[in-house]
Amino acid sequence: MKKSLQFSLLLLALLIFSMPELLAQCTMCKSNLEMARQNGSTEVGNTINDGILYLLALPYLIAGAFAYIYFKKYKEKKNALSTQP
């Protein structure tokens, strides 16, 4: 089991780092920020930071919602089994 987990993590890392489109996104953001600064706009940086925070928080919110639903159902099932004679 441990070897299969290590293999799948290694395969996932290889797939992620073999896609140059994924690594290119930071360069695109940087160039957009530099162009905005040259034009005198400072709001672009704030909106990009807000987007980064949104992308960071969303998976945790989704996982938290699923965990809440799972534990709520588990607790109901456990209570139903303990009340049976």
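No value in this document is a laboratory result; all are computed from the given coordinates. These numbers come from a predicted model, not from an experiment. With ideal geometry, Cβ positions are generated from the backbone for all residues, glycine too; neighbour counts draw on all protein chains shown.
A compact table of results
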{"item": "Among (i) 17.7; (ii) 19.3; (iii) 12.9, the entry derived from the coordinates for Kirkwood radius over Cα pairs in Å", "result": "(i)"}
{"item": "Residue-span extension gain [TYR54 to LYS72] - 0.36 nm each, minus C-alpha spacing", "result": "3.8 nm"}
{"item": "Surrounding net charge for ILE48, when Lys and Arg each add one and Asp and Glu each subtract one, Cβ distance under 13 Å", "result": "-1"}
{"item": "Point-to-point label distance, ASN79-THR42, nm (Cα→Cβ direction, 7 Å offset)", "result": "5.3 nm"}
{"item": "Gain in span if fully extended, MET35 to ALA63, counting 0.36 nm per residue against the direct Cα distance", "result": "6.4 nm"}
